[in-house]
Every structure is written in structure tokens, then in C-alpha cells.
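Right, one structure below, let's go through it.
The values are calculated or read from the model by the stated rules, or taken from the named source; none is laboratory data. Note that the structure is predicted; figures quoted are calculated from it, not measured. Counting neighbours? That spans all protein chains shown, and the Cβs are built from the backbone with ideal geometry, glycine included. The area values use the complete protein model at the heavy-atom level, side chains included, leaving out ligands, DNA and RNA. Shrake-Rupley method; radii C 1.70, N 1.55, O 1.52, S 1.80 Å.
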Amino acid sequence: MNDGAGDGLSLGKVVIEGKTKVVYEVPAHPGQVLLVSKDRITAGDGARSHDLEGKAAISTATCAKIFEFLNNAGVKTHFIRQHGEKSFLARHCDMVPIEWVTRRVATGSFLRRHVGVKEGFRFCPPKQETFFKDDENHDPQWSYEQLIDAKLDIGGHVIGADEVAIMERMTLCVFEILEHAWQSLNCSLIDMKVEFGIDKETGEILLADIIDSDSWRLWPAGDKRLMKDKQVYRDLKTVTSEALDTVKRNFAWVAEQVKSLHPKPHARAVIVMGSPTDLSYGEKIGKVLKSLAIPYDIRVSSAHKGTDATLRILADYEGLGIPTVFIAIAGRSNGLGPVLAGNSTWPVINAPPLTPEWASEDVWSSLRLPSGIGCGTVITPDGAAVAAAQMLALSDHVVWSNLRAKQLNTWVGLKMADQDLVKKLQAQNEGVANGVH
């Protein structure tokens, strides 16, 4: 079925073909596939279906930008890069036949299944549901117990409690990241669905499939009447060419908006050291800031020996009007953090480079502050950087997303480490039982 969809890329056999996409093997790139979208829109498990010229390009443009945003934040996905106007390259995964739905606001099918809940009920934390992909039975909802007890075998990997927990956590993370991103554009992400796959080569669980205007409810300014998602198509009583044009314009509007989800962080950190001998400590902080995509500067100034110069540095950064967190690195008698905090409305974090010999004495100069001054103290470089990031994340969705993904990956890493340890101990115990030493 290689019909030229590869845009110059030699395609192999069709892995799977659905109502709105075709997935091809790519012989030149083992472990990768090409997802090609169709100019087709469907609803109701295919009960309603229409050709919609231009939809494939719009869908691919939207999907590519969303996955690029998630990849940059640190979420592990199958997306590699956009290839053609209607296609993108991805990791070859064995798909888990479960749709993960996350809801912030009660609407749609949730109201039909939960009579008595009023539209607009807000879920805090977001509501998560799972649906088994089975068109003939209209994708029945599955409980957690059903999902575990099914023991789905996906490419030789059995989906158990740990795998479900990872997908559940990733689903929530993805929703919250995109929710914050859309909020930056004055749009409310009401709900969305995602799917996962298991990488055929690594066995890793990855966010997979396609995320586009078929995947969510999106209400500009939080107003349902302004919805820009596929619900407009679902709600049509009569499908006319004019109505389909409206749906297409909505999808195109979304594709244009997602381009604005990728700005560089507009916030920054300024590391101020009391001495150039503290540079290596400052660079450790900077390394973590860089991993979170936070711009930063490193400066040298002593609040004791050059107070006027310290205040000049402070004034220079305040005058630019960019949200800034100052990280003060000063040991012994720390006047740097308190002087910065006492003369600025920007947050200040003390990050004293404590030494084993004097740590118990020196730390008090950072902890015992004059009245009316509020700068906290963090005694590890990575902790100081993360604390700064959390402050900046209050007004910067890019920083917030990077932090959220970092927390997710830490959680998943611990879950996998625990799983590996359990398997190792089980193997050792079986070896002892079998007389193997």
C-alpha cells in the first residue's frame, strides 16, 4: 500500500491501518515507523464518517507541535520528527489497546454515565478513566480491576499493576502539562484521551499514537460555546459542506495556536557569588537550571566589600522587568542573600557552599536573618536550582512543564528500579531453591 505517502522515504509493509491513519514500517530505519494521516474525520466508532480535504496536514501539524512540546519538557514519547506534510516518524511500538481519558470538567459522555452530575463539575485532581479499544462493543469502560486482571500481553510484556501505574501517572502528567500550556493562550483543556505503546526495541512504555483536535475538548476562554474540537462535528444534526468547512477552520485555528506553545522560558535565574572561588558550586546550580531550560547568568559581587556594586547588579536585572530569582552563594558571614532580599521584591534563595569544618557555624548566617527579610536557604546545588524553578513556574508554563516531567521521570525511575530489584531477588531465590549457588 505504498502510495507515495512516504514523501521520498521507502516504505515497508503496513503495520496497521485505521479510519484516520496508516502506519508503515521503514526498512531504512529499523525500530521506526511512519504514521500517515488521512483526510478523513469520523465519530461514533465510525458510524459518522466524512472526507475532509486538508485535515491530514492540519492534524499532522498539530500533532507534531504537541509531541515536540512534550519531548522538550522531558516526557517520553514515540515521536521522532515530522517527515512530510501528512506524516511523522515515530518509534515502532506494540500498542496497548486502552484509551486513557483525563477530565478536568464534567461534560459529554461522563454526564450520560453519571446521571445527577451537573455539567461543569470540576474534578480536582483530574478524573481518570480507561476504555478498552473495541469498536464492535463501543469501547467499553474498564475498571482498574478489569485492566489488571486482563493481563494484556503486549509484544511479550504483560500489563500488570506497575505498568498500569506508570501509564496512569504519565497520563495525568501529560494532561496537566498541556492544560497549563493551553491556559497560557487563554484556552481551557476540558478533557483529553491518550494511548501508550511499548517500544519494540527497548521495552519502554511510551506515549504514542496521535494527539490532535480529535483527542480533546478545547474551550477558548473556558466558554463551551467557543469550542474548537471535534465535538462540533459530533454535534452536527445535518452534515453539510458548510458545516465541514467550519470544522476544518476550527482545526486549522488549533494548529495555528499550538505554534505559540513553544516559547522559550521568559523567566530566568541569576546566580550571584560572593567570591570567584565559588564558581564550581555555581556551575552545579547552573547545570540543573539548564536541564530545566531556564536561562541564567552568573555574577560575582560581595555584599560586604562592594555593597554598591551588589545593588547595581540588582538594579540592572530589576530594570529589565523579566521575572527573576536570585540565588546567592556566600559562605562564612552571608550578607549577600539578605542584602539582595532586603532591597528587592524578587525572590532570593541562599545557597551557601558549606564546608565540613565550618558548616554548623556558617549556616546560621543564612538562616538567622534580620526582621522583615524573607530569603530561604537551600544547602544543595540541585535543591537551590529546583527551588528557583518552582518559583519561576508560577508564571511560566514552559518551566512548569519541565518540572512536572522531571518529577514524573523520577517517579517512573523509582518504580522501575523497584520492579528490577523484585525480579532480581525472585531469580536469586529460585536459584537457591533449585540448588544453584
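Quick one: in region 312-321, which of the residues that are in contact (Cβ under 8 Å) with a residue 24 or more places away in the chain and open to solvent by less than 60 Å² (accessible area, probe 1.4 Å) is farthest from Q390 (Cα to Cα)?
It comes out as I313.
Matching residues to (1) in contact with a Pro (Cβ under 9 Å, 6 or more places away or on another chain); (2) within 30 Å of L320 (Cβ to Cβ):
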{"site": "D229", "(1), (2)": "no, no"}
{"site": "P263", "(1), (2)": "no, yes"}
{"site": "V270", "(1), (2)": "no, yes"}
{"site": "V288", "(1), (2)": "yes, yes"}
{"site": "I294", "(1), (2)": "yes, yes"}
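Just wondering, is there one or more residues in region 324-338 that are part of a helix (DSSP H, G or I) and open to solvent by 50 Å² or more (accessible area, probe 1.4 Å)?
no
Scan (1) surrounded by fewer than 19 Cβ atoms within 10 Å (Cβ to Cβ); (2) under 25 Å from S371 (Cβ atoms) for the single condition A293 breaks and write down its number.
All conditions pass for A293, except number (2).
Could you please find all residues in region 344-387 being of a type in the set (D, E), more than 15 Å from Y281 (Cα to Cα) and either open to solvent by less than 30 Å² (accessible area, probe 1.4 Å) or not in a loop (DSSP other than H, G, I, E, B) (or both)?
E361, D362
Of the numbered conditions (1) surrounded by 10 or more Cβ atoms within 10 Å (Cβ to Cβ); (2) more than 21 Å from D229 (Cβ to Cβ), F123 fails exactly one; give the number of that condition.
Going through (1) surrounded by 10 or more Cβ atoms within 10 Å (Cβ to Cβ); (2) more than 21 Å from D229 (Cβ to Cβ) one by one, F123 breaks only (2).
Within region 100-152, track down each residue that is over 27 Å from the mean Cα position of the chain (by Cα) and not in a helix (DSSP H, G or I).
Matches in region 100-152: H114, V115, G116, V117, K118, E119, D134, H138, P140, A150, K151.
Residue check: is V300 under 21 Å from W346 (Cα atoms), in contact with a helix residue (DSSP H, G or I) (Cβ under 8 Å, 6 or more places away or on another chain), open to solvent by 60 Å² or more (accessible area, probe 1.4 Å) and at pLDDT 95 or above?
Yes; evaluated as a whole, the condition is true for this residue.
Quick one: which strands (runs of 3 or more DSSP E) lie wholly within region 204-323 and hold at least 1 residues that are of a type in the set (S, T, Y)?
296-300
Please verify whether region 58-65 includes one or more residues that are over 28 Å from D153 (Cβ atoms), of a type in the set (A, V, I, L, M, F, W, C), surrounded by fewer than 18 Cβ atoms within 10 Å (Cβ to Cβ) and touching a helix residue (DSSP H, G or I) at 6+ places or on another chain (Cβ under 7 Å).
no
Can you go through K21, K13 and tell me which one is open to solvent by 40 Å² or more (accessible area, probe 1.4 Å), over 28 Å from the mean Cα position of the chain (by Cα), within 23 Å of C93 (Cβ to Cβ) and at pLDDT 95 or above?
K13
Take region 229-259 and flag every residue that is open to solvent by 50 Å² or more (accessible area, probe 1.4 Å) and in contact (Cβ under 8 Å) with a residue 60 or more places away in the chain.
Matches in region 229-259: R234, K248, K259.
If I filter region 186-197 for residues that are in a helix (DSSP H, G or I) and more than 22 Å from I80 (Cα to Cα), do I get at least one hit?
Within region 186-197, not a single residue is in a helix (DSSP H, G or I) and more than 22 Å from I80 (Cα to Cα).
Are there any pairs with C-beta distances below 6 angstrom linking a residue in region 146-168 that is more than 18 Å from C93 (Cβ to Cβ) to a residue that is surrounded by fewer than 13 Cβ atoms within 10 Å (Cβ to Cβ), with the two at least 6 apart or on different chains, and if so which?
Pairs found: I148/A161; K151/V158.
Can you spot a residue in region 41-62 that is under 24 Å from the mean Cα position of the chain (by Cα) and more than 26 Å from K248 (Cβ to Cβ)?
The answer is no; no qualifying residue exists.
For residues in region 355-379 being within 17 Å of I327 (Cα to Cα), hydroxyl-bearing (S, T, Y) and within 38 Å of the chain's Cα centre (by Cα), which is modelled with the lowest pLDDT?
Within region 355-379, the match that is modelled with the lowest pLDDT is S366.
How about region 417-437: which of its residues are open to solvent by less than 80 Å² (accessible area, probe 1.4 Å) and not in a helix (DSSP H, G or I)?
G435, the sole residue that qualifies.
Of all residues being under 12 Å from R169 (Cβ atoms) and of a type in the set (V, I, T) in region 388-416, which is surrounded by the most Cβ atoms within 10 Å (Cβ to Cβ)? Just the residue, please.
If we take residues in region 388-416 being under 12 Å from R169 (Cβ atoms) and of a type in the set (V, I, T), then V412 is surrounded by the most Cβ atoms within 10 Å (Cβ to Cβ).
Report every pair of residues separated by at least 6 positions or lying on different chains whose Cβ atoms are under 7 Å apart, first residue within region 344-370 and polar (S, T, N, Q), second assigned to a helix (DSSP H, G or I).
S344/L314; S344/E318; N350/G337; N350/S366; S366/G337
For the structure I just gave you, tell me whether S215 is modelled with pLDDT under 95 and more than 14 Å from the chain's Cα centre (by Cα).
When the stated conditions are applied, S215 does not pass them.
Going by the conditions given, is V75 open to solvent by less than 30 Å² (accessible area, probe 1.4 Å), assigned to a strand (DSSP E or B) and in contact (Cβ under 8 Å) with a residue 40 or more places away in the chain?
So V75 fails the test.
Mind checking which residues of region 134-143 are open to solvent by 40 Å² or more (accessible area, probe 1.4 Å) and in contact (Cβ under 8 Å) with a residue 60 or more places away in the chain?
D135, H138 - these are the residues of region 134-143 that are open to solvent by 40 Å² or more (accessible area, probe 1.4 Å) and in contact (Cβ under 8 Å) with a residue 60 or more places away in the chain.
Have a look at A165, A181, A221 and point out the one that is open to solvent by less than 10 Å² (accessible area, probe 1.4 Å), at pLDDT 95 or above, under 26 Å from A73 (Cα atoms) and not basic (K, R).
Unique residue meeting the criteria: A181.
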